[in-house]
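See structure below.
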Amino acid sequence: MTDRLEGPRQAEPAAGDAAQRPYSLNLSAVFQIARRLRAQDGCPWDREQTHASLRPYLLEEAYELLEAIDQGDDDKLREELGDVMLQVAMHAAIAEEEGRFDASDVSVGAAAKMVARHPHVFAGDQAANAEEVLQHWEQRKAAEAERSDQSRTLPLDRVPRALPALAWTYNMQKRAARVGFDLESQVEAAAAISDQANVLGAAAPDGEAERSVGNLLFAGVSLARKLKVNPEDALRSAGQRYRDRFAALDGELGEEGRVYGDLDRSELAERWDKTGTGQRGQAPSKNASR
């Protein structure tokens, strides 16, 4: 197949270097490598891979990309973006071998979809703000579904169920809100959290407690959304703060030659509070081991 994927080219290296470089210096490079790896004389491991077998690697690379974004490291971000692109290239190469589609079809299809869903950019439509853009987006997706005989598909069904539970819930709530199904305000969302917390205060550790905990988390997602906070990002940040504080406390105890069991509950809580603010009540129990 003639390579139709191209992008900005870098300066050509010396002739000797080019002889050792089996790819073009543009966007098509990673797609060329994926095809070469899966060629008859390519890599045995890569040749054995399927869409299904590559699933865990795609997920792993996506999480590593998120970590690079959180770290704000451009070199790491560039590397992880490339790793995600390699996963896309591998899936496209597999499909190309089977005559279903190729990398160019993937790229052109995505571009055409974005043009169709952004008439306020590529046509004469108007969108006053981001929220209106999202509402129009949902309307156009519904129209596309109707044209493809998927008109009975729920808006919530467009959210991948394979997402982590928090992200899945958050995105379902956003979809529902775009079609007009939502809580009135953040006050109502906060009240729902209070109601569920009161139920759990007297709950027994059984199946009903699990249901109530789920309702509490669901209500928390609603409040976060009303406050325009991504709950996944908020929880990850809270988890990182918790880890940093725990590491600080653990380091102090290590320097003193002590373990958590050496501290009574009040001392443990006091030392935990000294490591930071905003996470009171999360100190480990007196009997926790290091």
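The values are calculated or read from the model by the stated rules, or taken from the named source; none is laboratory data. The structure displayed is predicted, hence computed values, not measured ones. Heads up, the Cβs are rebuilt from the backbone with ideal geometry, glycines too, and the neighbour counts pull from every protein chain shown.
From the list Asp46, Asp105, pick out the single residue that is farther than 30 Å from Arg140 by Cβ, touching a helix residue (DSSP H, G or I) at 6+ places or on another chain (Cβ under 9 Å) and modelled with pLDDT of 95 or more.
None of the other options fit; the residue is Asp46.
I'd like to know if segment 150-173 contains one or more residues that are in contact (Cβ under 8 Å) with a residue 40 or more places away in the chain, hydroxyl-bearing (Ser, Thr, Tyr) and within 30 Å of Arg55 (Cβ to Cβ).
yes
Can you report the number of residues in segment 135-162 which are part of a loop (DSSP other than H, G, I, E, B) and modelled with pLDDT of 85 or more?
At the first step, the residues of segment 135-162 found to be part of a loop (DSSP other than H, G, I, E, B) are 148-154, 159-162.
Adding the requirement that they be modelled with pLDDT of 85 or more leaves 159-161.
Going through segment 135-162 one residue at a time, the tally reaches 3.
Please work out which one of (1) more than 18 Å from the chain's Cα centre (by Cα); (2) closer than 29 Å to His118 by Cβ; (3) surrounded by 15 or more Cβ atoms within 10 Å (Cβ to Cβ); (4) of a type in the set (Ser, Thr, Tyr) is the condition Thr153 fails and give its number.
(3)
Any idea how many residues of segment 186-212 are assigned to a loop (DSSP other than H, G, I, E, B) and surrounded by 11 or more Cβ atoms within 10 Å (Cβ to Cβ)?
1
Residues in segment 75-87: is at least one of a type in the set (Lys, Arg), over 20 Å from the mean Cα position of the chain (by Cα) and not in a loop (DSSP other than H, G, I, E, B)?
no
Within segment 236-249, does at least one residue satisfy the condition of being at pLDDT 90 or above and over 30 Å from Tyr170 (Cβ atoms)?
Yes, segment 236-249 has at least one match.
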